[in-house]
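Below is one structure, written out as structure tokens, with a few remarks after it.
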Amino acid sequence: MKREQTKKLCMAGILCAVAVVGSTLSVPVFGSKCAPVQHMVNVLCAVLLGPGYGVGVAFCASLIRNLLALGSILAFPGSMFGALLCGVVYWKSKNLLLTLLGEVFGTAILGGLCAYPLAVLVMGVSAGEVAFYAYVLPFFVSTAGGAILAGILIEMLKKAGVLRMAAKNRENGNMLELMSDQVRKHAPLIHNMTNRVSINDCANILLACGASPIMAEAIEEVEEITAMCDGLVLNMGMPGRQKIEAMKKAGKRANALHIPVVLDPVGVGASAFRREAVSELLKEVRFTVIRGNFSEIRTLMCGVCGTRGVDAEPTDLMGEKNLYQNVKTVTAFAEKSGAIVVATGKNDIVSDGRKAYWIQNGHSMMQTVTGVGCQLSALAAAYVAANPKHTLEAVTAAVSAIGVCGELAYERMSDLDGNASYRNYLIDAVYRLDGKKLECLARVEKVNENGEKSNEM
């Protein structure tokens, strides 16, 4: 997400430069000078970047113009009011004509009227009637010209598909923040049928992110417990026949009530029993998310059984070198299973069978703590439960969150700390993480099955 912000800042800088250089260009119209470029830039900022960036560009351009003696202090209200109003209008309406009118009214009327008291304060102008003729009319001529130019340019961009892409980026630009904040807002109750090794950590990670945990595995109560929850996690860490039957009951009950179900196929390649048990679950339960390390996902997809206990094989530690093949495998399995598939490793891949995201957050220290994968599965259930209409984005946010927190936890490590301290720091980081911090620190790229990347979220 840093890259998306960087792109916006770069575009804002370019538009600011265009506004400054364009201020030297003017055309005489009815006794007034028409200097349309700043106002064209205001509209472009409104459509491509949003109102905040528009006001910022207008302010910076006005400041630079004053420093270079290319304009007066009246450039501030004349540009900033127009940028603010047209930005807000486009943000709310997505209507280009209304946006152009917002720029004209904001600059000519609001900016022109505000220019008068500013001129009185700074320049000593005292004649009230001069306000209309000296400020409103020239501002109107300039902004009308700029609005016309912007309208023509935007129509050209629309035909080229640039506007559609910009709108999508703007809509999704803070998607991770929204996904994260929804968890704390809704505080979903998550039923964890997990293993005894990680049960406490799973409960704590859910509490840390703003959700609530409940654990039950007795076959006599799992259906009842599941029915009162917002999400269900089925973790294969310590399987037994009775537990598998309880998982089936819980999963079927969740399916009937449209409650999202997460499968964590821990060590599925380690034994025939685990492979058979997971196969049964996949046949009888419809999963919203399947999360495992790449070795586990590869076993489910290809039937390959090589594994080191519950850890990924060294050859399956995902990085950029084998990104193409890994994305292809994960995407194919997502399409086959109908679930969102998460393959974790050095880097992580999330796919729904159509889109895939490559997440580059995390730290090697996470491999020294038992149950981080189990915690992620619980976290994914909470994020999906809180964002039922954006499941792919929610899972991507959950995976990004645990990776970001892994990095933040390592930053707290001292010379006296070891993996036990790191475990606690990781949970602390999840507790302290908010949507804005996640949005800022997440490194997420969209990838296709050819391994080609983009910054689109």
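The values are calculated or read from the model by the stated rules, or taken from the named source; none is laboratory data. For clarity, every value in this text was computed on a predicted model and none was experimentally measured. Cβ sites come from the backbone with ideal geometry, for glycine too, and all protein chains shown count toward neighbours.
The conditions are (1) part of a helix (DSSP H, G or I); (2) out of contact with any Asp or Glu (no Cβ under 6 Å at 6 or more places or on another chain), and Gln375 fails exactly one of them. Which is it?
Looking at each condition in turn, Gln375 falls short on (2).
Scan the stretch 347-358 and tell me whether some residue there is basic (Lys, Arg) and either crowded, with 24+ Cβ neighbours inside 10 Å or touching a Gly at 6+ places or on another chain (Cβ under 6 Å) (or both).
Checked the stretch 347-358: no residue is basic (Lys, Arg) and either crowded, with 24+ Cβ neighbours inside 10 Å or touching a Gly at 6+ places or on another chain (Cβ under 6 Å) (or both).
Per-residue answers, yes or no, for (1) within 28 Å of the chain's Cα centre (by Cα); (2) at pLDDT 75 or above:
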{"site": "Cys34", "(1), (2)": "no, no"}
{"site": "Val43", "(1), (2)": "yes, yes"}
{"site": "Pro51", "(1), (2)": "yes, yes"}
{"site": "Ala69", "(1), (2)": "no, yes"}
{"site": "Ala75", "(1), (2)": "no, no"}
{"site": "Phe81", "(1), (2)": "no, yes"}
{"site": "Leu98", "(1), (2)": "no, yes"}
{"site": "Gly102", "(1), (2)": "no, yes"}
{"site": "Pro117", "(1), (2)": "no, no"}
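Please work out which residue is nearest to the chain's Cα centre (by Cα), limiting yourself to the stretch 401-445 and to residues that are more than 18 Å from Asp348 (Cα to Cα) and acidic (Asp, Glu).
Selected residue: Asp434.
Take Ile290 and decide whether it is at pLDDT 95 or above, in contact with a Gly (Cβ under 7 Å, 6 or more places away or on another chain) and not in a helix (DSSP H, G or I).
no
Give the number of residues within the stretch 53-88 that are surrounded by fewer than 24 Cβ atoms within 10 Å (Cβ to Cβ), in contact with a Leu (Cβ under 7 Å, 6 or more places away or on another chain) and part of a helix (DSSP H, G or I).
Counting residues in the stretch 53-88 that are surrounded by fewer than 24 Cβ atoms within 10 Å (Cβ to Cβ), in contact with a Leu (Cβ under 7 Å, 6 or more places away or on another chain) and part of a helix (DSSP H, G or I) gives 1.
If we only count strands (runs of 3 or more DSSP E) wholly inside the stretch 196-283, which ones have 2 or more residues that are in contact (Cβ under 8 Å) with a residue 60 or more places away in the chain, assigned by TED's automatic domain parsing to the domain that holds Val372 and touching a Ser or Thr at 6+ places or on another chain (Cβ under 9 Å)?
231-235, 261-264
Can you confirm whether Val222 is within 24 Å of Val183 (Cα to Cα) and either over 33 Å from the mean Cα position of the chain (by Cα) or among the hydroxyl-bearing types (Ser, Thr, Tyr) (or both)?
Against the criterion (within 24 Å of Val183 (Cα to Cα) and either over 33 Å from the mean Cα position of the chain (by Cα) or among the hydroxyl-bearing types (Ser, Thr, Tyr) (or both)), Val222 qualifies.
What pairs come out if I take residues in the stretch 432-457 that are modelled with pLDDT of 90 or more and pair them with residues that are among the acidic types (Asp, Glu) and part of a helix (DSSP H, G or I) whose C-beta lies under 6 Å away, six or more apart or interchain?
Matching pairs, first to second residue: Gly435/Glu177; Gly435/Asp181.
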